[in-house]
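In what follows, a single structure is set out as structure tokens and then discussed.
The values are calculated or read from the model by the stated rules, or taken from the named source; none is laboratory data. Owing to the predicted nature of the structure, the values given are computational and were not obtained by experimental measurement. Please note: Cβ atoms are built from the backbone with ideal geometry, for glycine as well, and neighbour counts cover all protein chains shown. Areas reflect the complete protein model, heavy atoms only, side chains present, ligands, DNA and RNA absent. Shrake-Rupley method; radii C 1.70, N 1.55, O 1.52, S 1.80 Å.
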Amino acid sequence: MNKILTPHEFREIRMSLGLTQQRMAETLGYEGRAAISQLENGFRDITPRTTITMKLLMEKHNDGLAKRT
């Protein structure tokens, strides 16, 4: 089973993707950036679904970078 992201890992992925908290909220279907702040600061649990989504977004991002080189 996949390990749930830590708040720090979540933030690192978001930043690697070059997304603001607002844009990440829109991507994940949250109403606003406050939810992302809560995830990044450990005030809201990161669900298995969110972990999988973040990892898929990172894979897609990395694939796009690899195709450019």
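Ellipsoid semi-axes for the chain, based on the Cα gyration tensor and the rule √(5λ), read 20, 14, 10 Å when sorted largest first.
Taking a Cβ cut-off of under 11 Å around THR51, the surrounding Lys, Arg, Asp and Glu residues balance to a net charge of +1, with basic ones at +1 and acidic ones at -1.
Multiplying the residue separation of THR20 and SER37 by 0.36 nm and removing their Cα-Cα distance gives an extension gain of 5.1 nm.
When SER16, SER37 are compared by accessible area at a 1.4 angstrom probe, the order from most to least is SER16, SER37. For LYS67, the aspartates and glutamates whose Cα falls under 15 Å of its own Cα, not counting residues fewer than eight places away in the same chain, are GLU59. Only the Cβ atoms of Lys and Arg (+1) and of Asp and Glu (-1) were treated as charged; on that basis the dipole of the chain about its Cα centre amounts to roughly 160 debye. Here the 3J(HN,Hα) profile of segment 56-61, calculated from phi with Karplus coefficients 6.51, -1.76 and 1.60 at θ = phi - 60°, is 5, 4, 5, 4, 4, 4 Hz, Gly and Pro shown as x. Highest GNM mean-square fluctuation among ARG33, ARG49, ARG14, for the chain modelled with Cα contacts below 10 Å: ARG49. For ARG44, the residues 5 or more places off, or on other chains, whose built amide H falls under 5 Å of its own are LEU39. Restricting the GluC sites (Glu not before Pro) of the chain to loop positions (DSSP other than H, G, I, E, B) with no more than 11 neighbouring Cβ atoms within 10 Å leaves GLU31. Helical content of the chain, expressed as a calculated mean residue ellipticity at 222 nm, amounts to -21000 deg cm²/dmol (DSSP H runs of 4 or more residues, -39,500 (n - 2.57) each, divided by residue number, nearest 500).
For segment 28-40, the Karplus equation 6.51 cos²θ - 1.76 cosθ + 1.60, evaluated at θ = phi - 60°, returns couplings of 8, x, 8, 6, x, 5, 4, 5, 5, 4, 5, 5, 5 Hz by residue, with Gly and Pro reported as x. Taking Lys and Arg as +1 and Asp and Glu as -1, the other residues whose beta-carbon sits under 15 Å from that of ARG14 total +1.
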